[in-house]
1. Residue by residue through region 371-388, which ³J(HN,Hα) values in whole Hz follow from phi under the Karplus form 6.51 cos²θ - 1.76 cosθ + 1.60 (θ = phi - 60°), with glycine and proline marked x?
2. If exposed chymotrypsin sites (Phe, Trp or Tyr not before Pro) are those in a DSSP loop with at most 13 other Cβ within 10 Å, what is the longest stretch of the chain that has none?
3. If amide H atoms are built 1.01 Å from N in the plane of the peptide, which residues on other chains or at least 5 residues away come under 5 Å of the amide H of residue 35?
4. With the cut-off at 1.5 for a/c, could you classify the chain from its C-alpha gyration tensor as rounded, prolate or oblate?
5. Give me the angle, in degrees from 0 to 90, between the Cα long axis of helix 159-172 and the longest principal axis of the Cα atoms of the chain, rounded to the nearest 10.
6. 5 Å is the cut-off here: which amide hydrogens, built 1.01 Å from N in the peptide plane, fall below it relative to residue 206, excluding neighbours closer than 5 in sequence?
7. Before rounding to the nearest 500, sum -39500 (n - 2.57) across all DSSP H runs of length at least 4 in the chain and divide by the residue total; then give [θ] at 222 nm in deg cm²/dmol.
8. Rounded to the nearest whole Å², what accessible area per residue is found for the chain with the 1.4 Å probe?
Amino acid sequence: MADVANTIRNFINGEFVDGADEFDDLNPVDGSLVAKVQAADSEIVDRAVRAARSVYEGPWGSLPTPQRVALLRRIADRIDERFEDFLKAEIADTGKPEGMARLLDVARASANFRSFADIIASTPLDAFRTELGNGDVALQYAIRKPLGVIGVIVPWNLPLLLLTWKVAPALATGNAVVVKPSEETPATATLLGEVMAEVGVPDGVYNVVHGYGDTGSLITTHSGVDGITFTGESKTGSAIMRAVSDRVLPVSFELGGKNAALVFDDADLEKTVAGLTRSIFTNTGQVCLSTERVYIQKGIFDEVVAGLVENAGNLKLGTPYAEGTTTGPLISQKHRDKVLGYQRLAESAGAQTLIGGDIPDMGDELSDGSWFSPTLWTHLLHEDRPMREEVFGPVAGLIPFDTEEEAVRLANDTDYGLASALWTQDVDRVHRVAPQMNVGLSWVNTWYLRDLRAPFGGSGLSGIGREGGTHSFDFYTEPVNVCIGQS
Ligand code: 6OD
């Protein structure tokens, strides 16, 4: 098994490249050093973009689809062969429980490549036979050209999963990419560079540059980049939009969420409480889809709250490989301070903290980790900041409601629009309420159930565009409609 490298380098044109500067990659479990990371400066980003453009304009952009499909499948197979390397690297960077990283993060990396290989191999062209009034006909068909060089900027919560979710469709459609992983989680994007080289992806198709937000800006302002796909904070999405506005570049954004769950009094309470627990606390609440607002119909409020408190109390905070660990640390002490700030805000707004709200004592060895206890609040108002702003931690506010109309109004009264979950057994209610939710993902009696062919994304501050299946191709390609008349 390859060790997690002590030095993480940029990957440009098929080679690992030192940076101008270096920064520390820390393990959030105990604050220990995972690696020194070589940061890219403008010269290195420029090399990456030039390498991508050169291979895109060379053979890669016009490689026949079956050859790209074969390469994508080889990438997927090689990720599976190096599964344990990816697992180890992802866990060192994020501190997440091994079971979760195994089942979700790394498994989804190869699934993303396989899925987009299947989809591009089987996606038909749009074609129309147009009948003209004079008896002539025309044939129209739209070919999809790659955008060219795509900047891929991805976050730290599901680093490999979200990276491959974007790189797979980008490569499937013939683009070359310049990736910037989060400074918190640089390892797996770099390992993927090794895989690309091992399976014969042409040099320059996949490039990785490391650094903080200023490195991201070097990508978004580079004149050789043709589009930006980004997952992360809404305010960074706004900054990227400003950066690309002069060139009117296409963007695909999946941003924050302040996702609501609506629990109706006809719900199956056992399944609902289990589902809510998952949707609030999975990945220590660091998923853009996490539920942070729970509206519960008054008649069942106390029972649901009691169930949630019991489940939260049964979560086991611990190190990634320890038996029974369900919940890891937050990504960094800086992020932990932000979550703690919302706890203070909630307290000053009159919240009752039913459980958690503090930094747990994890013992001396883990005292430099970024731990935060699973937390539930009641007695907040819908208007209070902790109920309106994304916290991105293991927290949720629980609020009672009377009527369906009130619940829908409260859920939709937000600047975000990513995901919601209804918990009810009334099918008529499902048909009535699910489409009323102003979100891209309206779950019913489930949460984070994904089919990679389905459209994924949100509206408002939650983003622009949808990725998933052929929806991804709407961003990663530019259609050219060919119209053939009669000669
Ligand atoms: O599962 C996915 O494909 C996906 N895009 C998840 C996004 C999670 C955001 O934190």
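The values are calculated or read from the model by the stated rules, or taken from the named source; none is laboratory data. Here the structure is a predicted model, which means the values were calculated and not measured. We place every Cβ from the backbone using ideal geometry, glycine too, and count neighbours over all the protein chains shown. Protein only, heavy atoms only, side chains kept; ligands, DNA and RNA dropped before computing areas. Shrake-Rupley method; radii C 1.70, N 1.55, O 1.52, S 1.80 Å.
1. Working through the residues one at a time gives 7, 8, 6, x, 10, 10, 10, 10, 6, 8, 8, 3, 7, 5, 3, x, 9, 10 Hz.
2. 1-211
3. 25
4. Oblate shape, in that a/c is at least 1.5 and b/c is the bigger or equal ratio.
5. 30 degrees
6. Placed amide hydrogens put 177 under 5 Å from residue 206.
7. Working: 15 runs with 179 residues, N = 487.
Estimated from H runs of four or more residues: -11500 deg cm²/dmol.
8. Working: 19530 Å² over 487 residues.
Computed with neighbouring chains in place, this is 40 Å² per residue.
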